[in-house]
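Just below is one structure, and these are the notes that go with it.
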Amino acid sequence: MSLEDLYKEVILDHYKNPRNKRDLPGAVLSCSRNNPLCGDEITVNALVEDGKVLEVTFEGQGCSISQASASMMTEAVTGRTVEDALKLVADFRTFMEGKLDPSEEEFGDLMALKGVVRYPVRIKCAVLAWDVLQEALDERDGTAAGAAPHSG
Ligand code: ZN
């Protein structure tokens, strides 16, 4: 089996058996976006405490690339600090621009999306879930930075 076929299998597996695709009761962060070019819709729910991403789930529908990428994303960022998670979002974007050659250990299943780089219209599908995650995490940071200091 070629590496390309293997990657296809990984993407199909995440598409058919999405990880963490469910509602997340008690989620502190939630964000939705769609990709009008392809009809993909992704909602990301996150449970963040003490600057750490405790749990991430997603809901939505769309093409195999968008759904597989969302499934992989939830697995990749769970357990990371918010800072680390945002760094991975940035790394993933660079990866999708074809400008990053990560190691298998760093990226795990995400490596399977490497082939997407050759299909510019598909890159939006792959990055969608990550955009939504970043928006959710940024919102949290914005709230924290803009909040008035505690009195007393
Ligand atoms: Zn799509």
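The values are calculated or read from the model by the stated rules, or taken from the named source; none is laboratory data. Everything numeric here is computed off the predicted structure, so don't read it as measured data. Cβ sites come from the backbone with ideal geometry, for glycine too, and all protein chains shown count toward neighbours.
Among the residues of segment 42-53, is any buried (at least 21 other Cβ atoms within 10 Å of the Cβ) and in a helix (DSSP H, G or I)? Can you show your working first?
Filtering segment 42-53 for residues buried (at least 21 other Cβ atoms within 10 Å of the Cβ) gives 42, 44-46, 53.
Filter once more, keeping what is in a helix (DSSP H, G or I): none.
Checked segment 42-53: no residue is buried (at least 21 other Cβ atoms within 10 Å of the Cβ) and in a helix (DSSP H, G or I).
Here's the yes/no breakdown for (1) modelled with pLDDT under 95; (2) under 13 Å from the mean Cα position of the chain (by Cα); (3) more than 21 Å from ARG80 (Cα to Cα); (4) not acidic (Asp, Glu):
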| site | (1), (2), (3), (4) |
| --- | --- |
| TYR15 | no, no, yes, yes |
| PRO18 | no, yes, no, yes |
| VAL28 | yes, no, no, yes |
| PRO36 | yes, no, yes, yes |
| ASP40 | no, no, yes, no |
| LEU47 | no, no, no, yes |
| LYS52 | no, no, no, yes |
| GLU59 | no, yes, no, no |
- What about SER71, is it buried (at least 18 other Cβ atoms within 10 Å of the Cβ), within 15 Å of PRO18 (Cα to Cα) and touching a residue at least 60 places away in the same chain (Cβ under 8 Å)? no
- Note on the structure: Of (1) within 16 Å of the ligand (Cβ to nearest atom); (2) modelled with pLDDT of 95 or more, VAL121 fails just (2)
